[in-house]
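Structure record follows, encoded as structure tokens.
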Amino acid sequence: MHERLARVFAPLLLLEIRPAPIEVPLMREMVQYHAARLTDAGMLWLKNRLFAEVAENGRQEG
């Protein structure tokens, strides 16, 4: 579970957040879409949000 989401629900569900008992490698997330959607407003918004998030938080490689 993503840490931010876990932190939102932990107090609501009386959960305790603990470190993983094993090392978890970073995941590479990608977006794939059909060429017909290159100018789709929703797809452009999503792509721009993803790029902004990477620019704000930096790229992390394993």
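Bear in mind that the values in this text are calculations on the coordinates, not laboratory data. Note that the structure is a prediction, hence the values are computed from the model and not measured. Glycine gets a Cβ as well: all are built from the backbone with ideal geometry, and neighbour counts include every protein chain shown.
Based only on Cα atoms, what mean projected area does the convex hull of the chain have, in nm²?
Computed as one quarter of the Cα hull surface, the answer is 6.4 nm².
Return the loop-located trypsin sites (Lys or Arg not before Pro) in the stretch 1-57 (DSSP other than H, G, I, E, B) with at most 15 other Cβ atoms within 10 Å of their own Cβ; answer none if there are none.
R28
Give me the extension gain from A10 to N57: residue separation times 0.36 nm, minus the current Cα-Cα distance, reported in nm with one decimal.
In short, 14.6 nm is gained.
Using label points projected 7 Å from each Cα along Cα→Cβ, tell me how many nm separate H34 and E3, to one decimal.
It is 3.9 nm.
Can you work out ³J(HN,Hα) from phi for every residue in the stretch 30-40, in order, using Karplus 6.51 cos²θ - 1.76 cosθ + 1.60 and θ = phi - 60°, giving whole Hz and x for Gly and Pro?
Using θ = phi - 60°, the values come out as 9, 10, 10, 8, 6, 4, 5, 9, 4, 10, 5 Hz.
Using mean Cβ contacts within 10 Å as the protection proxy, how do 29-35, 50-56 order, highest first?
Taking the mean over residues of other Cβ atoms within 10 Å, the ranking is 50-56, 29-35.
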